[in-house]
Amino acid sequence: SFKIFKTQTGFIIKILGEDAGCLIGRKGETMEALSYLTSLAANRFEDSDEKISVDVADYRQKREKDLQQLAKKMAAKVAKSGRSYSFEPMNPYERRIIHATVSEMEGVKSESKGEGSQRRVVIYSTTPKKQSGNRKGGKPNGKGGRNDRRRDRKEKPAPQVQKTRE
């Protein structure tokens, strides 16, 4: 079964039913294709540009919630580590959710990178962490790291052999 709802920007066609899940497809790709084709067909004869979305079994709402949680989690990691994070390629709808979520957080920003189907969101820190001067690992003061133990072994003097006359 399906229901049609009017929104501020167009229409949403909600499809419900036990077997409706097959219309979602991998990561919502089939559902997005249905939305696109439906919009093309609906706007073919009119000059209007109504946005028509297809939502199967409330997948959009669930996906939006999951993407918001993921964006918050990854943005927190970026803010803490100072290292950027790149998401997998996403459609424009999903990228907008990530951008909107990240824009509400302090210490991070997001940008879209790539072209076409490979376009993805990258989260950057706006306050990168300072790098410590110790590049070889170990403790911050430069003592006690794995490399120090190796150096200690190499620097030990060779045992002295005394020659005796016979």
Check: Given the structure, is GLY17 modelled with pLDDT under 90 and more than 21 Å from ARG95 (Cα to Cα)?
Finding: yes
Checklist line | Exclusive hit being modelled with pLDDT of 90 or more, hydrophobic (A, V, I, L, M, F, W, C), open to solvent by 50 Å² or more (accessible area, probe 1.4 Å) and within 28 Å of the chain's Cα centre (by Cα), set ALA57, ALA71, ALA76, ALA33 | finding: ALA76
Notebook entry, point to check: Of the residues that sit in the stretch 39-54 and are over 19 Å from LYS14 (Cβ atoms) and of a type outside the set (Gly, Ala, Ser), which one is surrounded by the fewest Cβ atoms within 10 Å (Cβ to Cβ)?
Noted result: ASP47
Notebook entry, point to check: So how many residues does the stretch 1-23 have that are of a type in the set (Val, Ile, Thr), open to solvent by 90 Å² or more (accessible area, probe 1.4 Å) and part of a strand (DSSP E or B)?
Noted result: 1
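The values are calculated or read from the model by the stated rules, or taken from the named source; none is laboratory data. The structure displayed is predicted, hence computed values, not measured ones. Cβ atoms come from the backbone with ideal geometry, glycine included; neighbour counts cover every protein chain shown. SASA here: full protein model, heavy atoms, side chains in, ligands and nucleic acids out. Shrake-Rupley method; radii C 1.70, N 1.55, O 1.52, S 1.80 Å.
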